[in-house]
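**Q** This is the structure, below, for whatever I ask next.
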Amino acid sequence: MTTVVVSGAVANKHRHGGSAWVRMSWAEGLRRLGFDVLFVEQLDEAHAVDAAGRPAAFAGSANAAAFDATMEAFGFTGSAALVSADGGQIRGMGHAELHDRMRDAALLVNITGHLRRPELLALPRRRAFVDLDPGYTQVWLAEGHDVGAAGHDLHFTVGANIGTARCELPSGGVRWRAIRQPVVLERWPVVDAPFTRFTTVGSWRGAYGPITWRGCTYGVKAHEFRPLSDVPQRAGLPFEVVLDLHAADEADAVRLRAGGWTTLAPAVARDTAAFARYVRGSGAEFSAAQGVYVHTRSGWCSDRTVRYLASGRPALVQDTGLGDTLPVGEGLLTFSTPQEAVRRAQELVADHARHSAAARRIAERYFAPAPALAPLLAAAEMAP
């Protein structure tokens, strides 16, 4: 059986259930396709904290506990390793076994270039970098910043339009191949239920600030979301958001609530089980996107949206050029203005059952492991 190594942030994002689903869906998707998958994560000891967010020892940290729990939940206990950035500590398998397994690997799938240790990167026969932040990654690379993409044989991005005439982003000297975020459909059974409310889970500002390229500055998600503050009120429908919002942005929370939004704290979706319950308990997704995804027409599709679709929950999301490579209008709907958002929200709710069925069909056709990961396997010349 061919071995594949997947690396990504689980312990590093231990309070974000949705983030763990992203990384583990790549690992589990490849395993479902018949590969022997090893999951490896690198944790800087300076980032190890306890449950209260205070500095903690690597082995006894909340990060390590979250890693262990996630590996167990997805069946990777015994086939996973959490390693320190300096190589001094490891959790899961031992150093010798880790090196042997990685040396046998045909491919490393390095999500966002998370694994940086040179001696580990050199072990698999081939290395594939996966970009989850289209726009940020390409601009930083073009500006000469280290984004973890060096030393890889293949480069993939979830920005489907990057590298085409449809998108103005730079390549940074890299040949970008489009790839979709996989979802293991069995993990997201269809929810046959009437519409309850629009929901989403997200960070108000995201991990990065505004970014500038060739004189254009692209704002953070907050800048795209603010014009949508009164969409619930105008649509006459219930909208809810699980929002990671800094105390300094409380005025935005007040604006959202005044416009009809219900706001919930991130703890509602802090682990993988809670995140899944929240998505499946929703009527549909509604969300804005980062400015750079939208205004460069990157073709980005959120991993969160993919899980809504798989659950038979339709999605109404801000247009990033999605329609260039995915069917939109049924199950997956897009908007560019608040007026469009209001109109399409009402249309979706008026025919919710049809849109729900279409949502699952989109997930099956485009985001199940076989179609989603086909570009990776073809480029790496690997067969499942």
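The values are calculated or read from the model by the stated rules, or taken from the named source; none is laboratory data. What you are looking at is a predicted structure, and each value in this text was computed from that prediction instead of being measured. All Cβ positions, even for glycine, are placed from backbone atoms using ideal geometry, and neighbour counts span all protein chains on display.
**Q** Among the numbered conditions (1) surrounded by fewer than 23 Cβ atoms within 10 Å (Cβ to Cβ); (2) more than 18 Å from HIS295 (Cβ to Cβ); (3) of a type in the set (Phe, Trp, Tyr), tell me where PHE129 comes up short.
**A** Evaluating PHE129 over (1) surrounded by fewer than 23 Cβ atoms within 10 Å (Cβ to Cβ); (2) more than 18 Å from HIS295 (Cβ to Cβ); (3) of a type in the set (Phe, Trp, Tyr) leaves (1) as the failure.
**Q** Here are some conditions: (1) crowded, with 21+ Cβ neighbours inside 10 Å; (2) within 23 Å of HIS47 (Cα to Cα); (3) modelled with pLDDT of 95 or more; (4) not acidic (Asp, Glu). THR112 meets all but one. Which one does it not meet?
**A** Answer for THR112: the failing condition is (1).
**Q** Another question, then. Can you pull out the helices (runs of 4 or more DSSP H) entirely within region 277-384 that have at least 3 residues that are touching a residue at least 60 places away in the same chain (Cβ under 8 Å) and surrounded by 24 or more Cβ atoms within 10 Å (Cβ to Cβ)? Even if it seems obvious, please write down each step before you answer.
**A** Values: elements: 291-295, 303-310, 338-350, 352-362, 369-379.
Helices (runs of 4 or more DSSP H) meeting the threshold: 303-310.
**Q** Among (1) at pLDDT below 95; (2) under 24 Å from ARG127 (Cα atoms), where does ALA46 come up short?
**A** (2)
**Q** Show the residue pairs that are 6+ apart or on different chains and have beta-carbon atoms under 6 Å apart, the first residue being within region 213-224 and within 15 Å of VAL241 (Cβ to Cβ) and free of Cβ contacts under 8 Å to residues at least 60 places away in the same chain, the second being part of a loop (DSSP other than H, G, I, E, B) and among the charged types (D, E, K, R).
**A** Close Cβ pairs (under 6 Å, with a partner that is part of a loop (DSSP other than H, G, I, E, B) and among the charged types (D, E, K, R)) amount to ALA222/ARG205.
**Q** Next question, about the same structure. Could you please tell me which pairs satisfy a Cβ distance under 8 Å, a separation of 6+ or placement on different chains, a first residue in region 51-68 that is part of a helix (DSSP H, G or I), and a second residue that is surrounded by fewer than 17 Cβ atoms within 10 Å (Cβ to Cβ)?
**A** Listed by first residue and then by second, the contacts come to ALA62/VAL49; ALA62/ASP50; ALA62/ALA51; ASN63/HIS47; ASN63/VAL49; ASP68/THR77.
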